[in-house]
Amino acid sequence: MSNVDFLDLARKEHERQEQTLRLIPSENYAPDAVLHLLGSALTNKYSEGYPGKRYYEGQTYIDRIETATIELAKELFEVPYANVQAYSGSPANMAVYGALASPGDTIMGLSLDAGGHLTHGHHASLTGKWFQSVPYGLDPETLHIDYEDLERQAREHRPQIIISGISAYPREVDFERIGRIAREVGAYHVADVSHISGLVARDLHQNPVPHADVITTTTHKMLRGPRGALILSHDEEIAKRINKTVFPGLQGGPHMNNIAGIGYTLQQARTDDFLTYVKQIRANTDALADALHTEGFNLVTGGSDNHLLLLDLRESEVDGARLSEALMKANISTNKNSIPFDDASPAHPNGLRVGTPAVTTLGMTEDDMPEIARLMRDVATHPQDAHRLEQIGEEVKMMTQQFLE
Ligand SMILES: Cc1ncc(COP(=O)(O)O)c(C=O)c1O
């Protein structure tokens with residue numbers, strides 16, 4: 001194979017991101033400081049162990065970075081214990097299950113097609129292979145989590161862990177209720193707030209911290225930090241088990257460049273600017289929901305309590321795959337997604353998932369949402385028209401350009 005210019009490819013990807021209306025709800029723009037920390041000399045250091053107890057010398061600055069990041073995580077989420085070493089959200093969840101359950105134990109999470117995550121027990125994930133997975137789902141009428149059925153199943157199956165948390169569910173999760181069910185059946189309650197961590201941290205969503213034994217979150221979605229994760233807990237014994245499961249159980253040396261980026265991110269997340277940001281995410285999501293309605297799109301549950309919307313395309317001429325591809329040709333990035341009780345294949349589902357964290361970071365407000373909805377309608381009306389898609393793509397570039405200047 002001939003030489004590949006990776007630096008050039010990274011530059012091009014940067015440019016692509018700047019010219020795209022990025023509506024994938026799990027994506028964001030990390031600030032320059034985070035990008036610098038990721039590319040800093042911290043990446044050169046091996047630091048197996050935890051602050052004060054390392055297996056390598058030369059940890060003066062590393063220990064200060066990790067200790068500060070742990071303290072910031074504890075302070076932001078108001079918990080006594082935090083592990084900041086998990087490489088990302090999936091290994092964080094795996095470490096928690098490894099700490100709290102044994103292979104073969106039963107775990108319960110929201111099923112993938114109802115808006116849960118793969119690592120909540122889906123059969124394609126190790127979490128569904130190593131544990132007995134009993135998924136819970138949605139009420140077919142309201143399309144909200146069916147807490148009564150969750151309770152009934154929990155009583156019947158007596159799981160070791162009940163996982164709460166969402167990837168594609170637009171409504172508030174009742175962590176308190178799930179915590180109560182978990183306590184009643186003697187299960188651990190693990191809340192995965194990866195998607196909604198910013199809302200949770202700044203009290204714009206019900207907080208799972210008082211109701212869950214362990215809380216996990218990625219750091220690169222709404223928190224707009226580097227790719228990584230936090231594992232938060234209340235109990236010293238559980239925290240020790242989690243630390244041991246992360247290292248040496250599952251991982252080797254922590255990625256200290258990421259951890260410094262996480263520290264920086266958590267410091268930002270406690271500022272007034274971040275509060276303004278997450279409030280704007282909520283306002284933008286509601287405004288986008290209204291605008292999409294006006295443009296004739298149907299939304300699962302009619303709207304959102306968080307940062308994401310799920311378009312129901314069953315009455316549309318295009319499915320989620322065709323629409324997301326056409327949108328991408330017009331520089332609008334979204335993702336195809338199943339909708340609840342979808343009988344279409346996952347390759348061509350009847351849904352499309354969109355969210356506002358990235359466009360809100362760009363500086364867009366409620367006033368810009370009608371234009372986004374109009375552009376999406378234009379694409380949905382001309383999904384095969386290459387010329388029209390190119391024209392819309394130019395409009396999108398002009399729109400995003402205004403926010404980069
Ligand atoms: C709720 C939830 N948990 C965990 C993860 C996994 O995170 P990662 O992709 O960093 O492994 C995701 C990713 O989308 C998620 O949405």
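The values are calculated or read from the model by the stated rules, or taken from the named source; none is laboratory data. From a predicted model like this one, the values you see are computed outputs, not experimental measurements. When we count neighbours, we look across all protein chains shown, and the Cβ atoms used for this are built from the backbone with ideal geometry, even at glycine. We work out accessible area using only protein heavy atoms, side chains counted, and drop any ligands, DNA or RNA first. Shrake-Rupley method; radii C 1.70, N 1.55, O 1.52, S 1.80 Å.
Below is a table of values for the structure above.
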read-out	value
Packing rank of 121-127, 313-319, 157-163, where each peptide gets the mean count of other beta carbons within 10 Å, highest leading	157-163, 121-127, 313-319
Note, ³J(HN,Hα) from phi for segment 15-27, Karplus 6.51, -1.76, 1.60, rounded to Hz, x at Gly and Pro	4, 4, 5, 6, 9, 10, 7, 8, 10, 6, x, 8, 9
Formal net charge of residues neighbouring ARG227 (Cβ-Cβ distance under 13 Å; K, R +1; D, E -1)	+1
Antiparallel DSSP beta bridges within the chain, percent to nearest 5	60
Cα gyration tensor category, rounded, prolate or oblate, for segment 32-269 with a/c compared to 1.5	prolate
GluC sites (Glu not before Pro) lying in DSSP loop within segment 120-177, provided at most 13 other Cβ fall within 10 Å	GLU141
Interchain or long-range residues, amide H under 5 Å from ASN350's placed H	GLY320, ILE339, ALA344
Amide H contacts under 5 Å for GLY109, placed H, 5+ residues apart	VAL134, TYR136, ILE163
FRET E, pair GLU48, MET328, Förster distance 30 Å, beta-carbon r, rounded to 0.05	0.15
Derived scalar couplings ³J(HN,Hα) [segment 353-370; Karplus, 6.51 cos²θ - 1.76 cosθ + 1.60; whole Hz; x for Gly, Pro]	9, 10, x, 10, x, 6, 5, 6, 4, 5, x, 6, 10, 3, 5, 8, 5, x
For ASP312, distant residues with modelled amide H under 5 Å away	ASN298, LEU299, VAL300
Heavy-atom accessible surface of segment 280-404: percent carbon and sulfur, 1.4 Å	46
Estimated 222 nm signal from helices in the chain, with DSSP H stretches of n ≥ 4 weighted -39500 (n - 2.57), rounded to 500	-13500 deg cm²/dmol
J(HN,Hα) series, segment 252-260, from Karplus relation 6.51 cos²θ - 1.76 cosθ + 1.60, nearest Hz, glycine and proline x	x, x, x, 8, 5, 5, 5, 5, 4
Charge dipole (debye, nearest 20) of segment 32-269; +1 at Cβ of Lys and Arg, -1 at Cβ of Asp and Glu	720
Those lysines that a straight Cα-Cα span of less than 29 Å connects to LYS129, excepting residues fewer than 8 apart in one chain	LYS221, LYS240, LYS244, LYS336
Burial order of peptide ranges 197-206, 224-233 (average beta-carbon count within 10 Å, highest first)	224-233, 197-206
